[in-house]
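Worksheet for the structure shown next.
The values are calculated or read from the model by the stated rules, or taken from the named source; none is laboratory data. For clarity, every value in this text was computed on a predicted model and none was experimentally measured. Positions of Cβ are generated from backbone atoms using ideal geometry, with glycine treated the same way; all protein chains shown enter the neighbour counts. We work out accessible area using only protein heavy atoms, side chains counted, and drop any ligands, DNA or RNA first. Shrake-Rupley method; radii C 1.70, N 1.55, O 1.52, S 1.80 Å.
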Amino acid sequence: MPTVVLMDSSLSMTRPVSVEGSEEFQRKNLAVHGLTMLFEHMATNYKLEFTSLVAFSSLWELMVPFTRDYNTLQEALNNLEDYDKTCLEGALQGVSNVVQQEWGSACPCQVVLVTDGALGIGRGSLRHSLQTVKQRGEDKKFPLPFPFPSKLYIMCIANAEELQATDGMDNLEQLINLNGGDGQIYTMEGPLCLKSVQSMFGKLIDQAYSPFHAVLRCGNLTSDVQVFPRPEPVIIDEEVDPMPKNVQTDLEIVGFIEIGDISSPPVLSRHLVLPIAVNKEGDEIGTGTTDDTEEDTSTNQMAGKSPNFCVLLHGSLKVEGMVALVQLGPDWYGMLYSQADSKKKSNLMMSLFDPGSEPLPWLGRMSQLGPASDAAENPYGEDDSKSPFPIQPKHKRSYAQNVTVWIKASGLQMYRKFSAMQENYLKKHKPSIRN
Amino acid sequence: MSAQGDCEFLVKRARELVPQDPYAAKAWLITARTLYPTDFNIQYEMYSIERNAERTSSAGRLLYDIFVNFPDQPVVWREISAITAALRNDSQDKHAQFLKGVFETLPGQVQCKMLLKATEQCFNTLEKAEMLLLLLKRFPESVVQHGVSLGESLLEAESVEDLETPVNCFRKLFVCDVLPLILNNPEMCLPVSLLYKYLHKAAEFYICYVTREPSADGQMQGSQEVGGLNSPGRGRGQRSVIDGLSDKASVVTEPWDRLLEMVGVVGSLCDWQGEKGSRSYAELLQRVSDLCRFLSAADADGFSRCCSQIVSCCTLVLFHCAFHYVSAVQPSLFQGHSSLSSGPWVLLEDLSSVYADVEVERKHTHKKRKLADGREKTMSSDDEDVLAKGRGRHIVVSKSEMLNWAETLDHFRTARESWDLLHSHPSLEAEFAKICSAWKTEMWLWFRIFLTDMIIYQGQYRKALSSLALMSSLQLQQNQNQNQNSLQTGSSSSLENHRAVIQQASCHYALGEYRLACEKLLEAVGGLLPQNQEFVKSSDEQRKPRSKTRRGNDLRLVPCTSKSILPFCLQLMLACFKLRAFTDNRDDLALGHVIVLLQFDWPQGESLFLKAVDKICQQGSFQYENFFNYVTNIDMLEEFAYLRTTEGGRVQLELLPNQGMLIKHHTVTRGITKGVKEDFRLAMERQVSRCGENLLMVLHRFCINEKIILIQSLP
C-alpha cells in the first residue's frame, strides 16, 4: 500500500517549541524528527513500501516521487523550506493527482498528513473549504473523498488541548469523515518535545506500518515468511453480527492444483510472500537491498548457501504450473503461486479468496477436495493429459483461455505464458498478442 | 436639736444591727418612723435596707412613699435617675434588672408622674427626648399630648446644631422611635401637610442611612457621660456609629422595609387613592402608575390633589431601586458592602458587533440617530406608555460573574420607570425637584452614578458626559475624605477612579467623537495592569452565535477589572479605527492599527482581517512600520508572507522600520534591490518565534507606547 507523506511547510510550522535544554526547536524540527523515525523504520522493516513526499503551503510541490529509496526521502526532508499560508485543499488535490498518475484509481494508498493544526484563514484554508464543500459545482469539487481507496492519518505537531482551543480538531475530524472515515488523528501528549513526537509516530508505525510475519507450513516443511502488504481484516456484510476475520500467522498448505483448473478466481487482495532467512548467528536478514543486481546476487548467494522451503516451493510451482491452496483461517482459503515480473525474475505471491467454504464454485467444497489418486479412476486420464475442470464450451472464447495475469493494474499490457501447459498449447496454435 | 439627735441615734442603731439581726433593725426603724413620721433620713434608710437586700416589692412600696412625701430631696432624684437609666438601657446587669423590677411595682399613675417629673429634670435634649420616649411607650395615651411636641423638639434640635447629615442621633430617635408611636396612635389627628413632612424626613433618614460611606474608624464624640453609656472606648468598631448614640442604638434593622411600612400607614392616614398597603416597592410603583394614568385621563383637579401622593411614592421607589442598583455596580460606596469580594461594574456600549462589516455599522449609526430622535420625541409626550420606554435597549451581563444580575437589572428598570413617571408632568417634576433640593441629592455620589447610567441608557450621551463631569468632582471630594482608606484599597480605588473615564470613552464613541473616545480609553488603559497569563476562552464562548441586531444598540454591564476593561478598550479602539480604515481613502496607519487590534479575540476578527487583506491587495502596497512590534498572530503572519508571493499578488510591503534606507543600501544596478526579500524573510521568521508571547501584554504595550500616534490617527 503506497504512502504519501504530506508535509505542512507553512510559516506556522516554524513556531518555536520550549524544550528543556539549550537547543531550540521549531515544530518543523519535531515533524522532521518524527518522519525520520518513520522512514528509518520503513527502510529496516517495511522496505517494499513505496513512499512519496509532498510539501505544501499556499502551493504544493512533489518533493520526491514514489520510491523505495529512503535516503532520497530523508535528504528532501532535511532540505524543506518555509513558505507562507496553509492551503490544505490544494495540497489534497495534489495528493490525488500524484497517486492517480502513479497507481490509478484502484490501488489503496495511505496518506500521512503532518501539520501543526494551524489551518489558516480565508480562501484555500481548511475551514473555508469545509464551509463551502456542499455548495460547490462539479468543476470545483473538494478533493475528498479520494477517488482511490485510502486511509488518512493526520499527525498533529500539537497536543489535544491546543487543537481543541481552536476549531482545528473539529475540522480535521471532518476531513477524515469526508474521506470515508478510514484513518485517525494523532496528537502529542503533554508538552511538545522529542519524546512525545517519537511516541506519536510510534503509534502510527504500530497501526499502519508493522510487518506481517507468518509461518508457512507444508507437512513437516516450514519457513518463516513476511507477507507484504499486510493482510487487512475482512468484514463479511451478510453476517448479522459481523466480526472482523484476520489472517492467521500460521499458513498451512492444504493441497496443490493445476493452474488451469484454478482459472482466474476473484480475490480480495494480493500479497508478496518473502522468506525471512536466518543465518548462523541467528540474526534476521532481509532479502537484499533495493538494487536489483545486488538483490539478485544476494538472493542467489543466500539460496545457494542454505536450504529454504520457500525457494523450493516457489520453484516447484513455477516448473509444474500449479498453485498451492493455503488455509488462512477457519473456512478461509487462499492460493500461493508464482508471478513473473520479467523474464528472469518472479515472485512468490499469495491471493486471498473470499471467506467461506466454497469460494470457487466450479471446484465445489474445499473440504471435499482430495488427492487424485484416491479416485477409482484417474480424473486426469491415464497420462495426466485431461482435466476435469472446468467444462469446456464448444466454441473458443477469449474468456475460456487459461489464466491471465496482468502485469500492471493501471492498464492492459501484453501477457505471457510460461507454464508447461501453456507451452504445449502454443505448439498447437499460433501465438497471439492481446491488448 | 434633741429630736434630730434622736433620729440620728435611731438610724445609727438600726444600721449597726443590720448584719447581725435584720429583724431587730427593722423593728428599730419602724419604731423610729412611728415617732418621727416627717423625718426623711429614717424612711430613706428603710428603703436602702430593702434595696440592698434586693426585695423588689418592699423597696417599691417605700420608694413610693418617699416620692410622694419628699419629692424635693436630691437623693430621691438620683435614685430615680438610676432607675430611668436602667429602663432606657437594655443592659442585662443584675442591678439594672432589680431597678426595673422596683419600677414595675409602682402604680401606673405614679410611674407616669415619676417619668414626667424625671423628664423635667433633664437639661440635655437627647436625654430628655429619650426620657419622654420612655413615657410615651409605656403610656400610649400620653402620645396625644406629648408626641408631636417631642418630634418637633427633636427636629428643632437637629436644625439648631446644624448637623451635616440626616443620620444623626436626633433624626434617628425621631424616625425610628417617635414617629411610629405618632402614626400608629388612632387618636392622633395630624394634618396632611405634617404627615408628608414627617414622611419625607423619615425617608431622607433611611435613604441616607443605607447609603452611608464606609469608614474604618468610628469617630465618635464621647461628650455624653450619662451612666457611661457613651464612653469613648465603646464607640470604636467596624461599623459607623451615629454620634451621640451607642453601638446598639445606631443600628437600624430592615430600613427599606420599615420605610415601606411607614408609607402604608401614612397612605391610610392621608386617604390615598387606590392604596391597599403595598407589599413591595414594585407594587407601589405599579399602583402609582395606574393612578397617574387614570388621573391624567380624568381631570386636572384630581391630579393636583394626588400630586403629593404620586411624588412621594415614586420618589421612594426611585431611591430604593437606584440604591440597590448602585450597590450592585459600586458596592464599595456603601457601608457593609466593603467586605464583599465583588468589585465595581460599569455600564458601557455593547461592542459585540465590532467584528461585523462596516456597512452594517453605518446602518447602526443611522438607526441610532433615528432612535435617539424618536426617544426624545417620546419622552415629551404624555400619551406614551412609560413602561414601553424600557424595552428599547437590552443590557447584557455576564451571568456567571454577577450572581444577582436579574435583580440588578430589574432594579435599574424600575428606577428608570420611577424617574420617567416623576418627569411626566410639570407639577410632579416641580415637587420632586423640591424634595431633591431639600435632601441635597446633588451631593449624593451614588445617585449621580445611577443618573449617569440612566442617561446613558436613554442614549443622551451629551448629558451623560456632563453628568460624568459632575461625578468626577463628587468623587474628588469623597477621595479627599477617604484619604486614609485609599492606602487600604489602593488597587480597587484606582480602577474605580477609571470607571468614569471608561464611561466617557463609551459616550464619546456613541456620539461619533472617536478621537475623544480614543483619548479617554487610552487614559484608562494607562491605569490597567495586564494579567500575567492570558486566559483561554472556552470554545463554546467563541462559537456563540451572535444575536440578531436589535432595534437599538445594546448595553453591557462589565466588571470594572483589568480582565474585563482591557478587552473593552481594545474593542472600542477597533470600533473607532474600523470606520476610518475601511473607507475608500487610503489610510495605512489606521489599517495597521486595525490589524494589530484584531489579534484580540481571534479568530472572531478573521473576516475583518481578510477584508483588510483585500484592501491591501487592491492598493498593491502597504506600509506600517509597527507591524513587527505588535503583530504576533500566526494566521496573520502567514497571510502577510503570502502577500509577497506571486500567487498572493506580489504586494509591496514596507513593514520594517527604516526600510527606505535599507532599500537604498541594497540597490546595486538598474534599481534592482537585493536583500530586501531576505530581510523580510528573516524578520518574518524572527516574528514567528514570538507567537507564544502574552497577547494582552503586547496589546497593552501597543496602547501605552503608541498613544500619541493612535490619537493623532483619528479625526
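Among the candidates A:Ile185, A:Ile205, A:Ile157, which residue alone is open to solvent by less than 40 Å² (accessible area, probe 1.4 Å), of a type in the set (Val, Ile, Thr) and touching a Lys or Arg at 6+ places or on another chain (Cβ under 6 Å)? Criteria check complete, one pass: A:Ile157. Report yes if some residue within region A:169-177 is within 13 Å of chain B (Cβ to nearest Cβ) and among the β-branched types (Val, Ile, Thr); otherwise report no. Within region A:169-177 (the criterion being within 13 Å of chain B (Cβ to nearest Cβ) and among the β-branched types (Val, Ile, Thr)), the answer is no, since none of the residues qualifies. Just so you know, in region A:221-255 the residues that are farther than 18 Å from A:Leu352 by Cβ and at pLDDT 85 or above include one that is surrounded by the most Cβ atoms within 10 Å (Cβ to Cβ), and it is A:Ser223. Here A:Leu30, A:Leu62, A:Leu119 are screened, and the one residue that is away from every other protein chain (no Cβ under 14 Å) and either open to solvent by 10 Å² or more (accessible area, probe 1.4 Å) or without any contact (Cβ under 8 Å) to a residue 12 or more places away in the chain (or both) is A:Leu62.
A quick yes/no check of all residues on (1) at pLDDT 75 or above; (2) open to solvent by less than 60 Å² (accessible area, probe 1.4 Å); (3) over 51 Å from the mean Cα position of the chain (by Cα):
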site: B:Gln619; (1), (2), (3): yes, yes, yes
site: B:Pro657; (1), (2), (3): no, no, yes
site: B:His665; (1), (2), (3): no, no, yes
site: B:Lys674; (1), (2), (3): no, no, yes
site: B:Phe702; (1), (2), (3): yes, yes, no
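In this structure, is B:Ser312 under 21 Å from B:Leu422 (Cα atoms), part of a helix (DSSP H, G or I), modelled with pLDDT of 75 or more and among the polar types (S, T, N, Q)? Yes: the conditions hold for B:Ser312.
Output the helices (runs of 4 or more DSSP H) that fall wholly within region B:484-542 and possess 3 or more residues being buried (at least 21 other Cβ atoms within 10 Å of the Cβ), more than 26 Å from the chain's Cα centre (by Cα) and at pLDDT 50 or above, or say none. Of the helices (runs of 4 or more DSSP H) lying wholly inside region B:484-542, those with at least 3 residues that are buried (at least 21 other Cβ atoms within 10 Å of the Cβ), more than 26 Å from the chain's Cα centre (by Cα) and at pLDDT 50 or above span B:514-526. Close Cβ contacts (under 7 Å, 6 or more residues apart or on different chains) running from residues in region A:251-265 that are within 17 Å of A:Trp332 (Cβ to Cβ) to residues that are of a type in the set (Lys, Arg) and crowded, with 17+ Cβ neighbours inside 10 Å comprise A:Leu251/A:Arg217; A:Glu252/A:Arg217; A:Ile253/A:Arg217. Tell me which residues, restricted to region A:77-93, are surrounded by fewer than 19 Cβ atoms within 10 Å (Cβ to Cβ) and without any contact (Cβ under 8 Å) to a residue 40 or more places away in the chain. Within region A:77-93, A:Asn79, A:Gly90 meet the criteria.
Of the helices (runs of 4 or more DSSP H) that lie entirely inside region B:156-227, those containing 2 or more residues that are open to solvent by 20 Å² or more (accessible area, probe 1.4 Å) and modelled with pLDDT of 70 or more span B:179-183, B:192-210.
Picking from residues in region A:37-59 that are among the aromatic types (Phe, Trp, Tyr) and within 17 Å of the chain's Cα centre (by Cα), the one that is nearest to the other protein chains (Cβ to nearest Cβ) is A:Phe39. Counting just the residues of region B:636-648 that are open to solvent by 20 Å² or more (accessible area, probe 1.4 Å) and out of contact with any strand residue (DSSP E or B) (no Cβ under 9 Å at 6 or more places or on another chain), which one comes out farthest from the other protein chains (Cβ to nearest Cβ)? Here the residue is B:Thr646. Can you find even one residue in region A:7-16 that is buried (at least 16 other Cβ atoms within 10 Å of the Cβ) and away from chain B (no Cβ under 14 Å)? Within region A:7-16, one or more residues are buried (at least 16 other Cβ atoms within 10 Å of the Cβ) and away from chain B (no Cβ under 14 Å). Please tell me if B:Pro567 is within 30 Å of B:Ser398 (Cβ to Cβ), assigned by the TED database to the domain that holds B:Phe412 and surrounded by fewer than 18 Cβ atoms within 10 Å (Cβ to Cβ). It is true that B:Pro567 is within 30 Å of B:Ser398 (Cβ to Cβ), assigned by the TED database to the domain that holds B:Phe412 and surrounded by fewer than 18 Cβ atoms within 10 Å (Cβ to Cβ).
Considering each residue of region B:581-601 in turn, none proves to be open to solvent by 10 Å² or more (accessible area, probe 1.4 Å) and within 12 Å of another protein chain (Cβ to nearest Cβ).
I'd like to check something: does region B:288-297 contain any residue that is modelled with pLDDT under 70 and assigned to a loop (DSSP other than H, G, I, E, B)? No, region B:288-297 contains no residue that is modelled with pLDDT under 70 and assigned to a loop (DSSP other than H, G, I, E, B). From the list A:Gly190, A:Gly124, A:Gly137, the one residue that fits, being open to solvent by 30 Å² or more (accessible area, probe 1.4 Å) and touching a helix residue (DSSP H, G or I) at 6+ places or on another chain (Cβ under 7 Å), is A:Gly190. For region B:621-632, state whether one or more residues are within 13 Å of chain A (Cβ to nearest Cβ) and either open to solvent by 10 Å² or more (accessible area, probe 1.4 Å) or modelled with pLDDT of 80 or more (or both). Among the residues of region B:621-632, at least one is within 13 Å of chain A (Cβ to nearest Cβ) and either open to solvent by 10 Å² or more (accessible area, probe 1.4 Å) or modelled with pLDDT of 80 or more (or both), which makes the answer yes.
The single residue among A:Gln100, A:Gln93, A:Gln74 that is within 17 Å of the chain's Cα centre (by Cα) and away from every other protein chain (no Cβ under 14 Å) turns out to be A:Gln100.
Report, by residue number, each residue of region B:581-624 that is closer than 18 Å to B:Asn705 by Cβ and assigned to a helix (DSSP H, G or I). Scanning region B:581-624 gives B:Leu589, B:Ala590, B:Gly592, B:His593, B:Val594, B:Ile595, B:Val596, B:Leu597.
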